[in-house]
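This report refers to the structure that appears directly beneath it.
The values are calculated or read from the model by the stated rules, or taken from the named source; none is laboratory data. Being a predicted model, the structure only gives us computed values, none of them experimental. Positions of Cβ are backbone-derived with ideal geometry, glycine not excepted, and every protein chain shown enters the neighbour counts. The protein model used for the area step is the full one, side chains on, heavy atoms only, and it has no ligands, DNA or RNA in it. Shrake-Rupley method; radii C 1.70, N 1.55, O 1.52, S 1.80 Å.
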Amino acid sequence: MVKQEQELDNRPDNTAFTQQRLPAWQPMLSAGIVIPGFVLIGLAFIGIGVALFVTSRSIQVLEIDYTGVAQDSPCYRCSDPDTKNCVCTMDFSIDTLFKGPVFFYYGLTNYFQNYRRYGASKDASQLSGDLEYFKNPSSDCSPYQYDNDKPIVPCGSIANSMFNDTFKLYQIVNGARKQVPLDGKGIAWWTDYNVKYRNPSVTPLRNAFNGTVKPVFWSRPAYELDPTDPANNGFINQDFLVWMRRAALPNFRKLYRRITEGDYAEGLPAGNYSLEIAYNYPVLSFDGEKKVVFSNVSWMGGKNEFLGIAYLVIGSLCIVMSIVMLIVYAKFKFPEED
Amino acid sequence: MSMRWMDERQRRNSTVGFSLSADILLLSSSNPNSLCYVETAELDGETNLKFKMGLRVTDEMLQEERQLAEFNALIECEEPNNRLDKFLGVMRWNQEQYPLELDNMLLRGCKVRNTEECHGLVIFAGSADTKIMRNGGKTRFKRTKIDELMNYMVYTIFALLILVAAGLAIGHTYWYEEIGSKAWYLYDGKDQGASYRGFLSFWGYIIVLNTMVPISLYVSVEVIRLGQSKFINWDLQMYFAEKDTPAKARTTTLNEQLGQIEYIFSDKTGTLTQNIMAFKKCTISGRSYGDPTTAEGVSLDRGRPVDWNWNRYADKKFQFMDNYLVAHVRSKKDRDAMEFFKLLSLCHTVMVENKDGELIYQAASPDEGALVTAARNFGFVFLSRTQDTITIREMDQETTYEMLALLDFNSDRKRMSIILKFPDGRIRLYCKGADTVIYERLAANSRHKETTQTALDVFANETLRTLCLCYKDISAEEYEAWSRKHKDAQLTLTNRDAALDQVYEQIENNLMLIGATAIEDKLQDGVPETIAKLAKADIKIWVLTGDKKETAENIGYSCSLLTDDMQIHYGEDVNEKLSSRQANRRNEPQTVHQRKKKPAEPFFTQPGKNALIITGGWLNEILYEKKKKRRRLRLRRLGRRSPPSSPQDGQPMNDLEKEMRQIDFVDMACECEAVICCRVTPKQKANVVSLVKKYKKAVTLSIGDGANDVNMIKTADIGVGISGQEGMQAVMSSDYAFAQFRYLQRLLLVHGRWSYIRMCKFLRYFFFKNFAFTLVHFWYSFFSGYSSQVAYEDWFITLYNLCYSSLPVLLVGLLDQDVNDRLSLKFPKLYLPGQQGTLFNYKNFFISLFHGIFVSLIIFFIPYGAFLQTMGQDGEAPSDYQSFAVVTASSLIFTVNLQISLDTSYWTFVNCFAVLGSIAIYFGIMFDIHSAGIHVIFPSVFTFTGAASNALRQPYLWLTIILTVGISLLPVICIQFLHKTIWPSVGDKVQRNRKKYEMELEEEEKKKPSAFQRGRRSRRSAYAFSHSRGYADLISSGRSIRRRPTARGGPQDSIREVPH
């Protein structure tokens, strides 16, 4: 036999692979797996759904539109694009304690930060502090690449269109305005602040910007974005970082400040508040809206009932379908013939 | 007619079995009269040895090399053509003209047998001109149905892509007018109108959505096919150890088509049969012999073959199980038995050659060879013959008989006789022939008629080929009187054959029956089982053979293609049905247009199975149109005109009617369970195949072994060659080659089925996965100003098809099996979905598309809902684009990989590894390219820094992913389950009871496999002698008998000097 095999040069190998006999598991979608599986998944989904829904209901959100479209709005006069350095005040009241930490967002609607050309209009190398690109910004930044033949730093549409409204929050305590301290530290992603965006290692920072100009729409150059904190300037300015992280959808919110300090560490107590807005950012031309949002968060993040409801619906459907499948299976069960 | 100068001379030093590669005019050979024996099985499937003869003049003048060197003649002959049965030419040499015929030609594909040396002149050479190659047909580029379908689907997707891109471009135009132009932050410094921007956006979307068109599909499909071909090559169960030939997939592009075969066209000789005739049984004086029996006459279940050592002339290869008959003959007690074998040794046209003491028989047919060999082993050795004597050795004693007349076979007579004068002066006629003709001519007092008939029926039931043997004593006066008539008839000038037949008839009567022989035309192993299996898989099998009707029919029975419950129709019988249908149509001229609406009524109205046996001549009428066109063309070239004639009733047929007739024929033939076409040329074989292909739109497979099958192998959708035989022509033009017919069932029912299922699964999934992937961009564009913004990171798009989703589906395409090979073979019905093409067609394609669209919808809108107006755990807004991209991409990867897991029915560790690996690779690569390090090195290339880690640490986003994956998969599981429960397919049932069936199979295997019973059938004549005219003419003319004393020209060395 051994001798014979030696003669047979063309004999294929007898292995499990070549003979297609690899050991294998051949699962079937049998009723014993599918129906209990659906019940279990359904129950699990309902459980998650309830948890999400309840959590979401417990989150407090306060949203204030300050676009000033309506004539009775305090910001109506500021919405005129010709008005410069306009300041308006929105008053609001809180009925119960707004549990802290409270997050302070600004929101924009009908704003297409996800527009492809807009999103591409920046220079990642420049923003990572490479001085080469200070002189020659990427052509992606066009038309905000050069201004009068001087390179724009930071170049591009995103930087150019940076949100520049500023807010001050006061609690009205016995008719007097008490400023609520806003914390602007660490509102951007850690990676953005530490890795992705970096100032050139030139001190003072302004020297690095020699020979460049500020973005056209900016009132101050990048190295003077935060006059109160020298470390919060250039590309690692927190507000700048927040703005540069493009929103996925045309209606978005961005974190402005946190309310974590002083008397407000526990949250915003019930009472009257006044919001002072330095109204600079024009949105009426494209039918956009500007909002201010106060919210607290839970383990699941901000308020969003969609996911909880979706889980509940899908979980219930699973249960319903498992019953349907059980009925169908009982009716059409395989007769034990061959 | 063209003139060809042939100054090329070819010398063929042909040993036994030399295969020719050109059409050669035989000039001379070492045999007397420049005879040359050829085997033409490659050309026409006939197994008998034929002879070709050189012209007398070349035979005489061109024996020596020197003479050949000076040979200078002009040969005028017909143009190269494909007619194997005709050759016309004239040789002008030394101011003389000699007609050349087919008898002088050795055609390419013949095997020269029993001829030491022959010289010839090449007339047609190469693959373009030789007759057999002209029959070979064009090499076609073969593509599978799925290939075609796939192309159309890709066109569909292309169209869809353009539509979608156009729609989005229009969307962009409007969006830009309404919103974009007013959004100051989007100002890009370009003065472009909205429509122009829309136009640009169109191209943008063509690029963004191009992943919808599965370019990588083609590559992957080829990879899968290659793998499947390898599996065919590697299959040990298709490996023929005897000849060390594994199966070979010679093309790698047709595998899945193997799972869709509806018609098989098989050659007979060498494919179904082994081309070996064996003397199996006989009946002598009413007693049957041949079953395993001891010398004492005790029947056994399994006997020992007879030991032939007592007979020094015996052919050792001859096997016989009945020891009793041998002992019986050796005892010399039974005169009938002696007479039986004596007849076999005398009544034949075999020629003998004594080579080194070994007797070599040259028989006109293998049947005859088998009979003479049997006689030889039983002690009646045919030693030699001259023109008018035959010498045999009867046991120990040599006797020479004077041969008075030899009454040869032909297909009408179905018998041959020999009239001998015994040494003691008696004159006796020995005759052998078909039972039907012999029984008519038996003497009234002939004994054993009934018992022999019973035995014949038994033999027929065992599908053995039978011949009746009988004798007649003739008085000297009677012979004298007959001899005169015979001589007169021989001298008749007109209708000599008919006259001779009439004379033969006069002497062949009042015969005394001795017995009958039964010869087995050995089938290849496992042929009947294979055919039965394939028939159960609803595959129709047609046998196309160049051989005779009787032989083909006999083989039809023996391989269980024909059964007794079938009604057999012959070509001539069904003519009526065809012409009446034709007439009906003529009477209702309008039906031509309504043909499609009217359901075709069946031709055979009687219940029960039908079979059709037709001949090449009859087929010609059906295929008439093609043939005539060609002839008309030729005639026009010759400048002559022939009036258009009709094949049948004189009414001219127009093209439409001819086509209708062909359709009728195909419809009719397809109603039959089995169709046998005999006496067909290679061209006709191919035409039959293409008729079925054309009118039935069916997937066809041709299987054959010889050069005569090349054309049909090339014509059919799939050609299979039987390898390991001597000729390689069929294998060379085939797509698959293996050594044994029985491997066909494994090729189709196992490999074909698997390949088809795998390919269908693969394609369905592939379309799905690309749609699910790409259309997310489409949904996203509604929220991104139709700005060609992609929903995923660019790197993800690049790597998706390459790394994240391709391996599991590729493995499914390579390894998946719903049921294992043994169950596939046990349940041939599992093959049906392939034939009906139910696993992949436009319906499945659109289902895949909608599945993809559905999943893309879920993958976009669940995260959309979750991202709307929310923020992260730590207050940072997670609703940024990069987090969104990470969530959708992760959901997609989970969904597609789990979907393929659902589709995988055969989980090997490799599959497991691939699915988990794909997901792992996705996360691995994503975390890498989102890492800080790589951003520092390439800041503008990897811009998603930190996105993965930031997004995926939020439980909220994980819950989003889980929900997305759940909604994408749960409905699929539910629908699949309901579908399988309510409408289970055969495959589902088998799969469900897999364990049970496997147990059954194992139990069956433990039992001894029962030998296949050759069917029990009713009475029919089992006469099937593979004969043409024997060598009677040769023998009686004495030409071949006397070896001419001509001196051969010089020693071998001088021969070689002859220039070519």
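Cβ screening of chain A for cysteine pairs under 4.7 Å finds these without a partner: A:318. Karplus-based coupling profile of region A:291-303, in residue order and whole Hz: 9, 10, 10, 10, 7, 10, 10, 10, 4, 8, x, x, 6, with θ = phi - 60° in 6.51 cos²θ - 1.76 cosθ + 1.60 and x standing for Gly or Pro.
Measuring nothing but how far apart in sequence close Cα pairs (under 8 Å, 6+ apart) lie, relative to its length, chain B scores a relative contact order of 16 percent. Measuring from centroid to centroid over Cα atoms, what is the spacing of region A:185-220 and region B:793-858 in Å? Between the Cα centres of region A:185-220 and region B:793-858 lies a distance of 52 Å. Of all the options A:101, A:143, A:27, the one that moves most in a Gaussian network model of chain A with Cα springs shorter than 10 angstrom is A:27. In region A:286-308, the residues whose accessible area drops by at least 40 square angstrom when the other protein chains are added to the isolated chain are A:286, A:299, A:300, A:304, A:306, A:307; the probe is 1.4 Å and only protein heavy atoms count.
Residues whose amide H comes within less than 5 Å of that of residue B:401, counting only those at least five positions distant or on another chain, are B:390, B:391, B:392 (H built at 1.01 Å from N in the peptide plane). Values of log10 I(q)/I(0) for chain B across q = 0.05, 0.08, 0.09 Å⁻¹ run -0.46, -0.94, -1.10, by the Debye formula with one identical scatterer at each alpha carbon and no solvent. Solvent-accessible surface (1.4 Å probe) assigned to residue B:196 amounts to roughly 110 Å². Remark on residue B:320: its backbone amide H falls under 5 Å from those of B:306, a criterion applied only to residues 5 or more positions apart or on other chains, H modelled at 1.01 Å from N. The per residue volume of the convex hull around the alpha-carbon atoms of region B:753-902 is 121 Å³.
Dimensions of chain A from C-alpha coordinates, computed as largest minus smallest value along each principal axis and given longest first, are 96, 60, 38 Å. Taking the longest Cα principal axis of chain B as reference, the axis of helix B:881-903 is set at about 30 degrees. For region A:71-296, the solvent-accessible area with a 1.4 angstrom probe is 43 square angstrom per residue.
Computed with a 1.4 Å probe on the full set of protein chains, the accessible area for residue B:215 sits at about 120 Å².
What shape does region B:182-293 have by the C-alpha gyration tensor, where a ≥ b ≥ c are the square roots of the eigenvalues, rounded means a/c under 1.5, and otherwise prolate means a/b greater than b/c and oblate the rest? The partial results should precede the final answer.
Details: a/c = 7.62, a/b = 4.54, b/c = 1.68.
It is prolate, given that a/c is not under 1.5 and a/b is the larger ratio.
Can you give the Rg to Rh ratio of the protein assembly as shown, both from alpha-carbon atoms, with Rh computed by the Kirkwood formula?
On the way: Rg = 45.5 Å, Rh = 39.3 Å.
Radius of gyration over Kirkwood radius for the protein assembly as shown works out to 1.16.
Net length available on complete extension from residue B:309 to residue B:191 is 31.8 nm, with 0.36 nm assigned per residue and the Cα-Cα distance removed.
Roughly to the nearest percent, how much of the accessible area of region A:71-296 is carbon and sulfur, given a 1.4 Å probe? Numbers along the way, then the final one.
Values: 4470 of 9610 Å².
The computed percentage sits at 47.
Label-to-label distance, residue A:148 versus residue A:62, with points set 7 angstrom from Cα along the beta-carbon direction: 4.5 nm.
Using a simple spin-label model with pseudo-atoms 7 Å out from Cα toward Cβ, residue A:69 and residue B:203 lie 3.7 nm apart.
With Cα atoms defining each centre, region B:114-144 and region B:198-257 are spaced 33 Å apart in the structure. List residues of region B:307-328, by number, whose backbone nitrogen lies under 13 Å from a label position 7 Å along Cα→C-beta of residue B:295. The answer is B:307-311, B:323-328, whose backbone nitrogens lie closer than 13 Å to the label point.
May I ask you to compute the full-extension gain from residue B:958 to residue B:166, defined as 0.36 nm times their residue separation minus their alpha-carbon distance, rounded to one decimal in nm?
Values: separation 792, 0.36 × 792 = 285.12 nm, distance 3.54 nm.
Separation in residues times 0.36 nm, less the Cα-Cα distance, equals 281.6 nm.
For residue A:122, a cut-off of 28 angstrom between C-alpha atoms picks up these lysines, skipping any fewer than 8 places away in its own chain: A:84, A:135, A:150, A:185, A:196, A:214, A:254, A:290, A:291, B:182, B:190. In order along region B:282-287, phi translates into HN-Hα couplings of 7, 10, 10, 6, x, 10 Hz, rounded to whole numbers, per the Karplus curve 6.51 cos²θ - 1.76 cosθ + 1.60 with θ = phi - 60° and x for Gly and Pro.
Please go through the residue pairs B:533/B:769; B:281/B:332; B:86/B:522 and name each one whose alpha carbons sit more than 28 Å apart in this structure.
On the way: B:533/B:769 37 Å; B:281/B:332 19 Å; B:86/B:522 31 Å.
Pairs exceeding the cut-off: B:533/B:769; B:86/B:522.
Across peptide A:139-147, the mean count of Cβ atoms from other chains lying within 10 Å of each residue's own Cβ comes to 1.
Assuming R0 = 56 Å, can you tell me the calculated FRET efficiency for the pair residue B:426 and residue A:323, based on Cβ-Cβ distance, to the nearest 0.05? Please list the in-between numbers first.
Working: r = 99 Å, r/R0 = 1.76.
Efficiency computed from Cβ-Cβ geometry: 0.05.
A convex hull fitted to the Cα coordinates of region B:339-462 yields 132 cubic angstrom per residue.
Per residue, the accessible area of chain B comes to 41 Å² when a 1.4 Å probe rolls over the protein heavy atoms. Helices in chain B, meaning DSSP H runs of at least 4 residues, each add -39500 (n - 2.57). Divided by all residues, the mean residue ellipticity at 222 nm is -14000 deg cm²/dmol.
Return the distance in nm (one decimal) between the two label points of a simple spin-label model at residue A:83 and residue B:443, each offset 7 Å from Cα along Cα→Cβ. Result: 14.0 nm between the two label points. Taking only protein heavy atoms and a 1.4 Å probe, the accessible area of chain B is 54% carbon and sulfur. FRET efficiency for the residue B:397 to residue A:8 pair, using the beta carbon distance and R₀ = 41 Å, is estimated at 0.25.
Could you give the size of the charge dipole of chain A about its Cα centre, using +1 on the Cβ of each K and R and -1 on the Cβ of each D and E, expressed in debye and rounded to the nearest 20?
Details: 32 positive and 34 negative charges, 84 e Å.
About 400 debye.
Summed over both chains, the contact between A and B buries some 8800 Å² of accessible surface at a probe radius of 1.4 Å. Relative to the longest principal axis of the Cα atoms of chain B, the long axis of helix B:571-587 makes an angle of roughly 50 degrees. Which Cα, out of A:153, A:131, A:37, lies furthest along the positive dipole direction of region A:1-160 (beta carbon charges, K/R +1, D/E -1)? Of the listed residues, the answer is A:37. Given R0 = 51 Å, the distance between the Cβ atoms of residue B:319 and residue B:491 translates into a calculated FRET efficiency of 0.60. Take the residue pairs B:548/B:697; B:609/B:694; B:826/B:995; A:333/B:826 and return only those whose Cα atoms are more than 18 Å apart. Pairs exceeding 18 Å: B:548/B:697; B:609/B:694; A:333/B:826.
The amide H of residue A:146, built 1.01 Å from its N in the peptide plane, has A:152 as neighbours under 5 Å, considering only residues 5 or more places off or on other chains. Calculate how steeply helix A:305-332 sits against the longest principal axis of the alpha-carbon atoms of chain A, using the helix alpha-carbon long axis, and give the answer as 0 to 90 degrees to the nearest 10. The helix A:305-332 is inclined about 20 degrees to chain A.
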